[in-house]
Amino acid sequence: MTRYTLSHLETAACLWEAVLEMRDRAATTPDESSLALALRTCFDTLGTAALRLIVVGWVDAVEAAWRTVEGEYPLSFDWDFVPRWIADTIDWSDPRRPVIRATAPVRNAGSKSFPLPGYDAPPQPAIGTSHEDHLAIEVHTAVIEHRHGMNIHVAVDAMALDEEIAAYCREYWSEIDDARDPNNLSDAEVISNYFECHPSESCTKDRMRIAPVAHQRALVAGSIEQGRYCVLSTAHLTVHTASCLDKWASWPPSDRPIDIAASVYGWFVPTRAIDDDRRAQLPQDLLRLIAFGRAHGFQFLLFDCDGSDVDGLPLHHW
């Protein structure tokens with residue numbers, strides 16, 4: 001079955017309550033009369049159960065709209081904002097398919113106007129918030145639990161998320177006792193029927209805010225030493241040179257002919273210039289590889305048994 005938070009359920013109840021109230025209350029203006037007529041036509045065309053399923057699918061949209069004005073909206077969420085949002089946002093012109101408009105007019109509440117999200121310019125960032133806060137995005141997530149484990153879905157909005165979930169439900173529709181063709185049902189109907197009827201699977205929806213990790217670029221660029229290295233296969237070394245590197249890595253640093261460090265599967269070797277006395281102690285194949293790294297702008301070479309073979313460099317199969 002599908003799982004919802006208490007907030008989701010309360011918002012769904014507010015939406016449905018508002019639709020019923022707007023359908024049945026006595027109209028005092030031509031706009032209210034037209035809306036009530038459109039609602040009654042929609043009820044007659046779709047039926048109460050089908051329309052209710054559509055209406056509760058607007059939960060994410062109305063909650064997103066509320067979050068943009070919650071701090072300054074002067075009236076209540078349930079008795080004013082939700083009915084106002086429905087009146088301003090929902091297109092009832094097709095009684096078979098009431099939908100959220102692509103654009104919507106903005107009404108006034110008291111002396112202020114409160115634009116709905118997505119229909120006007122985005123709200124300006126609050127004073128004192130960080131640059132990373134402005135880059136944060138909210139994503140919609142769903143976790144489908146099934147006998148093989150779980151599927152995790154992430155989408156930029158509720159509609160896109162429902163499309164992904166519905167695609168899953170249609171793929172495994174044969175696992176529930178429903179003879180209808182899921183391709184002839186809306187995404188909301190497919191999702192609701194699938195998880196209500198499936199004996200062992202469930203779907204949990206949520207929203208998540210994702211923000212970039214705050215960091216001080218000046219610190220990274222200025223005060224932390226950085227470098228470049230390339231990874232080479234140990235096959236570019238002879239057996240003798242590999243044995244030398246292995247031996248030198250265990251010596252005290254002052255005794256080594258070159259400053260190296262052992263890794264789990266090889267060695268780090270610097271490419272900086274070496275004085276003549278030390279050069280005389282190094283194998284020629286190692287000197288050529290150090291010169292190769294320095295010529296290509298690398299400060300270190302990492303010889304690794306799982307590293308890549310580089311065309312043009314000698315290979316030694318051992």
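Any read-out appearing in this document is the output of simple, stated calculations on the displayed coordinates, not a laboratory observation. Since this is a predicted model, take the numbers as computed values, not measurements.
Here are the numbers for this structure:
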{"quantity": "Karplus 3J(HN,Hα) series, Hz, for region 303-317 with 6.51 cos²θ - 1.76 cosθ + 1.60 (x for Gly, Pro)", "calculated": "7, 9, 5, 9, x, 7, 7, 10, 4, x, 9, x, 10, 10, 8"}
{"quantity": "Inter-centroid distance (Cα atoms) of region 1-52 relative to region 251-295, Å", "calculated": "77"}
